[in-house]
Amino acid sequence: MKVGYDAKRAFLNTSGLGNYARNALNALQKYYPENHYTLFTPEMKTGMLNKQEAFEIVTPPESMSKIKKSFWRSYQMSQELEEYQLDLFHGLSNELPNGIHKTKVPSVVTIHDLIFIRYPEFYSYIDRTLYFEKVKYACKAATKVIAISEQTKADIIKYIGTAPDKIQIVHQAISPLFFEPAETEKVKAKYKLPENFILAVGTIEERKNQLSILKALEVSGLDIPLVLVGNPTSYCNDIHKYLAEKGRKEKVIFLKNIPETDLAGIYQLAELSVYISVFEGFGLPVIEAMACSCPVITSNVSCLPETAGDAAVLCAPENIEDLGNQISKILNDSAFRNELIEKGKERAQQFQPQKYTERLVKLYNDIIG
């Protein structure tokens, strides 16, 4: 089988969609090495994939400007697909190259979420318009649409109008690194982590709702440090203002651009992980924490109950008092904490890379027929 991929995110994004793309490609190459994988990307960086030399990588001429490379990916790439005699093309991040419907190459697109429609206030008008047009075209042009959760499938049907039988749910996989013991003492020393701390992983932005964790700790009188791992946005200003008002600046550690090997160690060192987002398409940090034997508190909204199963404590994102009480319970009730850890480890097994690729390759074969 010869499969092509839009691999821009795999090479150029260090988190989020980039992690999804790298996890998928690495797992496919590991468990189905007999297939031929062609990666199309406007730019290529070395060392982003395991056994990167095993992939065929296609890029536009180096002499092209950044704008022209972007144009190549969106509008010219489809003209080249048939030259590579692909059996299938997979858009890994919400879009397909314009014009692919005119080729003979069947296609799949993975839609992660439609947050830009549900929460337009978090995006500029230009970005919202661009994202909508890309998703609408991809869902129309694709032979099959992959949704990463029931929530995302429902949103595609509601906002894009795609027929339900055209959409298949394939939950994401997490990196195998999260299932392995990390060198925790080295990680602890490297990032100067305290003996005990609470962890929150994800871009530090309003939708992720990290400020509620700080308020919950304050309301509950919990004097435990919080480690925030994620790229900062302007929302950090609100967090720093709150910390200054409450005199808790020394109680929060900000980290960003953490390699997955180190992130696994941070999860394994944490007392618990809190992921109290207002809305998600899936919520990978929930499963990453579970795989690392870290108990989880997450939101009772959007896809997060689906992601967590019965292996996490669920809280309303706006209920500060309940969040504080649940944090306190996990910290002080060792039997309850251990129960969450065991349930979490069992739940995380459903998101092993091998299981993900089995579902994905079956879908490919069904389409190729």
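The values are calculated or read from the model by the stated rules, or taken from the named source; none is laboratory data. Quick caveat: nothing in here was measured; it's all calculated off a predicted structure. No Cβ is skipped: glycine too gets one built from the backbone with ideal geometry, and neighbour counts run over all protein chains shown. The accessibility values were calculated without ligands, DNA or RNA, using every heavy atom of the protein model including side chains. Shrake-Rupley method; radii C 1.70, N 1.55, O 1.52, S 1.80 Å.
Every residue, every condition in (1) of a type in the set (A, V, I, L, M); (2) open to solvent by 10 Å² or more (accessible area, probe 1.4 Å), yes or no:
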position	(1), (2)
CYS139	no, no
ILE169	yes, yes
GLU183	no, yes
LYS186	no, yes
ASN209	no, yes
Of THR233, THR307, THR261, THR298, the only residue that is in contact with a Cys (Cβ under 8 Å, 6 or more places away or on another chain) and either surrounded by 23 or more Cβ atoms within 10 Å (Cβ to Cβ) or closer than 30 Å to ALA147 by Cα (or both) is THR298
Given the condition open to solvent by 10 Å² or more (accessible area, probe 1.4 Å), part of a loop (DSSP other than H, G, I, E, B), of a type outside the set (Ser, Thr, Tyr) and closer than 18 Å to MET1 by Cβ, answer yes or no: does some residue in the range 105-128 qualify? yes
Take the range 43-72 and flag every residue that is of a type outside the set (Asp, Glu), assigned to a helix (DSSP H, G or I) and surrounded by fewer than 11 Cβ atoms within 10 Å (Cβ to Cβ). LYS66, ILE67
Pairs where the first residue, in the range 179-207, is within 24 Å of GLU342 (Cβ to Cβ) and the second is of a type in the set (Ser, Thr, Tyr) and part of a helix (DSSP H, G or I), C-beta under 8 Å, 6+ apart: ALA182/THR261; LEU199/TYR267; VAL201/TYR267
Name the residues in the range 286-314 that are in a loop (DSSP other than H, G, I, E, B) and small (Gly, Ala, Ser), would you? SER293, SER302, GLY309, ALA311, ALA312
Answer yes or no as to whether ASN94 is at pLDDT 90 or above, touching a helix residue (DSSP H, G or I) at 6+ places or on another chain (Cβ under 8 Å), open to solvent by 20 Å² or more (accessible area, probe 1.4 Å) and on the phi < 0 side of the Ramachandran plot. no
Could you list, in sequence order, the residues of the range 141-163 that are among the charged types (D, E, K, R), crowded, with 16+ Cβ neighbours inside 10 Å and either in contact with a Gly (Cβ under 6 Å, 6 or more places away or on another chain) or not in a strand (DSSP E or B) (or both)? LYS153, ASP155
Restricting to the range 27-69, what's the tally of residues that are closer than 28 Å to PRO232 by Cβ and in contact (Cβ under 8 Å) with a residue 40 or more places away in the chain? 0
Pick out the one residue from GLU56, GLU43, GLU121, GLU82 that is at pLDDT 95 or above and among the charged types (D, E, K, R). GLU56
